[in-house]
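A short write-up of the structure that comes next.
The values are calculated or read from the model by the stated rules, or taken from the named source; none is laboratory data. Keep in mind it's a predicted model, so treat the numbers as computed, not measured. Please note: Cβ atoms are built from the backbone with ideal geometry, for glycine as well, and neighbour counts cover all protein chains shown. Accessible surface areas use protein heavy atoms only, side chains included; no ligands, DNA or RNA. Shrake-Rupley method; radii C 1.70, N 1.55, O 1.52, S 1.80 Å.
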Amino acid sequence: MKKFDKDIEILSAYVDDELSPEEVRELEEKISLSPQLRKKLAEIRRLKELTRSSFKRISEAPYFETRLFAALEENSFKRRMKKWLPVTGFVALTLSLMLVLKFNPEFLENIVEEQKLNLAGFYKENLKPLLFAADLTNEDIFNFAFYNQLPLDNTKSQFLQLGSDSSGKEYFEIRTAGLEKENDNFEKFVETLDMNDFQKNKFDSIMSAYAEELQSQVLVNDKNTVAINQNLWNYRKAIAADILKFAQLSNEKALQDVMPVLFRFETPDVEKMVNSVKSVNDNEYIFFTPDTLFVDTFEFDKKEFQKDMEEFRKDMQRGVEDYKINQAEMKKFGVKLKLDSTLAKLKRAPKVEKNINIFIDSNLCRVHLGNIVIPPIQLPNMDSLEAIINEATKQVQAFSFTIPKIDKNMSKFKYDVKVLPGDSIRSFNFDVRIPNVDSPGRIYMDPFQNYNWNQPFNQDSLAEWFENFESDSFFYGRPMEIEIRMKEFEKEMEKFKHEMDKLKKELKKDSVQVKSKKPVEV
Amino acid sequence: MSLKRKKKVLQPSPRILEIDDDFSLIKRFIEGDETTFRTLVYRHKEKVRNIVYLTMNYSDSVDDIAQEVFITVYKNLKYFRFESQFTTWLYRITINKCRDHLRKLKIRNIFTPVKDIEEVHGYNHINENMDIPDIVRKAISKLPEKLRIPLLLKDIEGFSYQEIADTVQCEIGTVKSRIFRARESLRNILKPYEGEL
C-alpha cells in the first residue's frame with residue numbers, strides 16, 4: 001500500500017511536470033501496465049483542473065498604488081520626523097525661549113524668584129513659637145535680657161545668641177553651649193533684691209508676659225527652621241529695661257550694690273520704650289534654615305495660636321497618654337541643627353539677602369546681618385536710655401561672676417571668668433592657691449583683707465596668679481570704693497611681689513652656695 | 001545634427017534593458033532613486049494581490065495586506081542581498097504577512113462565538129445550491145494552511161516546486177509531499193460531490 005502511495009505521490013509530481021525525464025519514462029512504463037495508476041492519474045488531473053478553474057483572478061485595484069504611495073509618504077514623513085524630532089525640538093525650544101526672553105526679559109528671574117518663594121514657603125510651613133518648643137522659664141527670659149541667649153529646644157542643647165560687633169552691627173548665632181548651670185545668675189539677682197511675695201508675683205507676671213510676647217519673636221518648625229523677628233534685638237533691650245526698672249522700684253538699695261551709683265531709670269521712659277517696641281510692625285523675619293538664609297515677611301496669628309495653646313493646655317490636663325503624645329509633638333519642634341556638617345553648605349548656598357556673612361565653627365554658627373535693618377525705635381531720649389540699658393547689662397553680667405564655695409581647709413579652687421559681654425568664646429581658668437579663705441564673698445569684696453600673711457604659702461603659685469591677673473576685667477563694674485581699695489592693694493602687692501622676687505633670688509643664691517660647699521666627712 | 005539625434009533616440013539602448021531588470025531597479029533605489037520603487041510595485045502588485053487572495057481565502061483585506069507587503073519591501077529594500085530572485089524574496093514576504101494575519105485571525109476567533117465566525121466567513125459549509133467552483137473553493141479552504149498554500153501556488157499561480165520551496169521556506173521534497181497530501185485530502189472532502197463534479 002505504501003508503495004502505491006509513493007507511486008501516487010510521483011504521479012502527482014508527474015501531473016505537475018516536476019519529474020526528471022528518467023522518472024517520467026519509468027512512471028509512464030508503470031502507468032501503461034497499471035489500470036489503477038491510470039485511473040489515479042485521471043483523477044489527479046481532474047482535481048488539478050477543478051482547482052485551477054475554481055479560482056478567478058482577482059480584479060485589479062485601480063487606486064492600489066495611489067493608496068500605497070500615500071501610506072509610504074506618511075510613513076516616510078513619520079520616519080523623517082522621528083529622525084529630526086530631537087533636533088527640531090531643541091531648535092523650537094531655543095527659539096521659543098529666545099522669543100520669551102525678548103518680550104519678557106524677567107522670565108528667568110521670575111522663575112528663580114518663584115523657586116525662592118517655593119523654598120521660602122517650604123520653610124515657612126508649620127512655624128510655631130519657640131516657647132512652644134523650649135518652654136521658656138523666667139530664668140530664660142532673664143538670660144535673654146542680659147546675656148542675649150535663648151534656648152532653642154527644651155533640652156537646652158542649642159541656643160540662639162544675639163549680639164553686636166565692634167562696628168555696632170547686629171549678629172546672631174546658633175550655638176551648642178549656653179550659660180553654664182552653676183552661674184545661677186537669675187537666682188542671685190532675685191536673692192539680691194530680696195523680694196517679698198507680692199513683688200515676686202509681680203516679677204513672675206512681668207516675665208511670663210514677656211514670654212508670651214517672645215512667642216511671636218522666635219519661631220521654629222519641624223524642618224529645623226529658626227525664624228527670628230528683626231524686632232527681637234529691641235525686645236531684648238525692652239525686657240532688660242523693664243527688669244531693671246522693676247528691680248529699682250522693688251529694692252533700690254540692693255540694686256545699687258551691684259550697679260554704679262549714678263544708675264537710674266526713669267519709669268515713664270522705660271514704659272514708653274516698651275510700648276514703642278511692642279508697637280513696631282514686626283512681620284519681617286530672618287529665616288535661618290539648613291539650606292539657606294533669607295529675610296521675608298511672615299504673619300504670625302497670635303490669636304489663633306492662643307486658641308491652639310488653650311486647647312493644648314486642656315489636652316495636657318486630660319490624661320497621661322495625651323500628655324505623652326503632646327510631649328512627642330513638642331519634641332518635633334525642638335531645633336536640632338548639626339553645626340558641623342549640615343550648615344557647612346550654608347556658606348555656599350545662594351542667599352537671598354546679600355552681605356550676610358556667615359561664620360561656622362564646630363559649636364556655633366554666627367550670622368552677621370549686614371544690610372538687614374533692625375527696626376528703629378523712635379524715642380526722644382532713646383540714646384540715653386539705650387546707654388543706660390547697655391551699661392546695666394554689663395553690670396548684670398559682671399554681677400554674675402561665679403566663685404565656687406570654698407571650704408576653709410581647701411587649698412585650691414578653679415576660677416572661671418566669663419565677663420566680656422557679647423564675647424562668649426573667651427574664658428579664663430585660673431588655678432588659685434589661697435589657703436585659709438573664709439568665704440568666696442570675701443574674695444569678691446576684698447580678697448586679701450583677712451589674709452594671714454604670716455602663714456606659710458606657696459610663693460610660686462601666688463606669683464603666677466598675679467601674672468595672669470587681668471585687673472581690668474576683674475575690677476570692671478565693682479563699686480568705686482572697693483575699686484580704689486583694690487587698686488591700692490594691688491600696688492602693695494606689686495611691691496610685695498618685687499620683695500618676694502628679691503627674696504627668691506637670694507634664696508637661690510644661698511642654695512647655690514650650699515651646693516658648692518664640700519661634703520662634710522663623718 | 002537632428003538626424004543623428006533622432007537615430008540615437010530610436011536605437012534601443014542596452015540601458016533600457018537594464019532598467020527593466022528587477023535587480024537594476026533595486027540598485028537604483030539603493031542609490032537614491034526612489035521612483036524605481038513605483039515600477040517594482042506596478043510590476044508585481046497583481047501577483048502579490050493574487051497570492052494574498054488565494055492564501056487568505058477572502059478578498060476583504062487583500063489590498064491592505066498587499067500594501068503592508070510593499071511597505072515592508074520599501075523599508076527593507078536597501079538590505080536586499082541579490083542572492084535570490086527579487087520575486088522569491090517578495091513572495092516570501094507576502095506569504096509571511098498572510099501567515100501573520102491568519103495567526104491573528106485564529107487568535108481573534110478563539111474569543112469569537114463559533115456562529116459569528118461562520119456568519120462572517122461562511123467557508124466551512126458546503127451548500128447544495130453552490131456551483132462547482134464554490135464547492136471546490138470551500139473544500140480547499142478546509143485544507144490546513146501548510147497543504148493549501150503549496151497546492152494553490154502550484155495549481156493557480158503556476159509556481160515550480162523549487163519556487164514554492166523558496167517561498168514557504170522548506171525542502172523541495174516536502175513541497176512535493178504536501179501537494180500530494182493536499183490533493184488526497186481534497187479528493188476525500190469532495191467525495192460526496194463526486195457525481196456532480
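Give the average, rounded to an integer, of partner chain Cβ atoms located within 10 angstrom of each Cβ in B:132-141.
On the way: counts 3, 6, 1, 2, 7, 3, 1, 4, 4, 0.
Rounded to a whole number, the mean comes out at 3.
Calculate what fraction, in whole %, of the accessible area of the stretch A:2-54 sits on carbon and sulfur atoms when a 1.4 Å probe is rolled over the protein chains.
Numbers: 1680 of 3290 Å².
Here it works out to 51 percent.
To the nearest µm²/s, what D does Stokes-Einstein give for the stretch A:181-232 at 4 °C and 1.567 mPa s, using the Kirkwood radius over alpha carbon pairs as Rh?
On the way: Rh = 13.5 Å.
Answer, rounded: 96 µm²/s.
Show log10 I(q)/I(0) for the stretch B:124-197 at q = 0.23, 0.28 Å⁻¹, two decimals, from a solvent-free Debye sum over equal Cα scatterers.
These q points yield log10 I(q)/I(0) values of -0.97, -1.25.
Please list A:235, B:193, B:79 in order of solvent-accessible area, largest first, computed with a 1.4 Å probe with all protein chains present.
Working: A:235 5, B:193 45, B:79 150 Å².
Result of the area sort, largest leading: B:79, B:193, A:235.
How much accessible area is lost when chains B and A come together, counting both sides, with a 1.4 Å probe, in Å² rounded to the nearest 100? Display every interim value, and only then the final one.
Numbers: alone 13170 and 33070 Å², together 42380 Å².
Counting both chains, the buried surface is close to 3900 Å².
What is the spin-label model distance, in nm, from residue A:6 to residue A:29 if the labels are put 7 Å beyond Cα along the C-beta direction?
For the pair residue A:6/residue A:29, the computed spacing is 1.6 nm.
Could you sort A:140, A:501 by accessible area so the largest value comes first, with the probe set to 1.4 Å? Intermediate results must be reported in sequence, preceding the final value.
Details: A:140 10, A:501 60 Å².
Greatest to least solvent exposure: A:501, A:140.
If you bin the C-alpha pair distances of the stretch A:40-170 every 10 Å from 0, what whole percents do you get?
Per 10 Å bin, starting at zero, the Cα-Cα P(r) for the stretch A:40-170 comes out as 9, 12, 12, 11, 10, 11, 8, 7, 7, 5, 5, 3, 1 percent.
Mind checking the stretch A:1-95 for GluC sites (Glu not before Pro) that DSSP puts in a loop (not H, G, I, E or B) and that have at most 14 other Cβ atoms within 10 Å?
Numbers: sites: A:9, A:18, A:22, A:23, A:26, A:28, A:29, A:43, A:49, A:60, A:65, A:73, A:74; in loops: A:18, A:60.
Qualifying residues, ordered by number: A:60.
What figure, in Å² to the nearest 10, do you get for the accessible area of residue A:69 with a 1.4 Å probe and non-protein molecules left out?
Estimated to the nearest 10 Å², residue A:69 gives 40 Å².
Cα extents of the stretch A:59-104 along the three principal axes, largest first, in whole Å?
Extents along the principal axes, in whole Å: 64, 19, 6.
My understanding is that a pair violates if its Cα-Cα distance is over 26 Å; which of A:128/A:314; A:48/B:142; A:82/B:75; B:106/B:146; A:245/A:307 do that in this structure?
From A:128/A:314; A:48/B:142; A:82/B:75; B:106/B:146; A:245/A:307, over 26 Å: A:245/A:307.
Given the protein chains as shown and a 1.4 Å probe, how many square angstrom of residue B:89 are accessible, to the nearest 10?
Taking all protein chains as shown, residue B:89 has close to 50 Å².
Tell me, what is the 1.4 Å probe accessible area of residue A:198, in Å² to the nearest 10?
Surface open to solvent at residue A:198 totals about 150 Å².
Can you tell me how much longer the chain between residue A:110 and residue A:308 gets when fully stretched, taken as 0.36 nm per residue apart minus their C-alpha distance, in nm with one decimal? Don't skip to the end; give the middle numbers.
Working: separation 198, 0.36 × 198 = 71.28 nm, distance 3.66 nm.
So the extension gain works out to 67.6 nm.
Please state the Cα pair-distance histogram of the stretch A:2-54 with 10 angstrom bins from zero: what percent is in each bin?
25, 56, 17, 1
If A:498, B:101 are ordered by their accessible area, calculated over protein heavy atoms with a 1.4 Å probe, which sequence runs from highest to lowest? Let's see the in-between values first.
Working: A:498 110, B:101 40 Å².
Descending order: A:498, B:101.
Need one value for B:152-162: mean number of C-beta atoms belonging to other chains within 10 Å of its residues' C-beta atoms. Before the final figure, lay out the partial values.
Working: counts 3, 0, 7, 11, 7, 1, 2, 1, 3, 4, 1.
The per-residue average across the peptide is 4.
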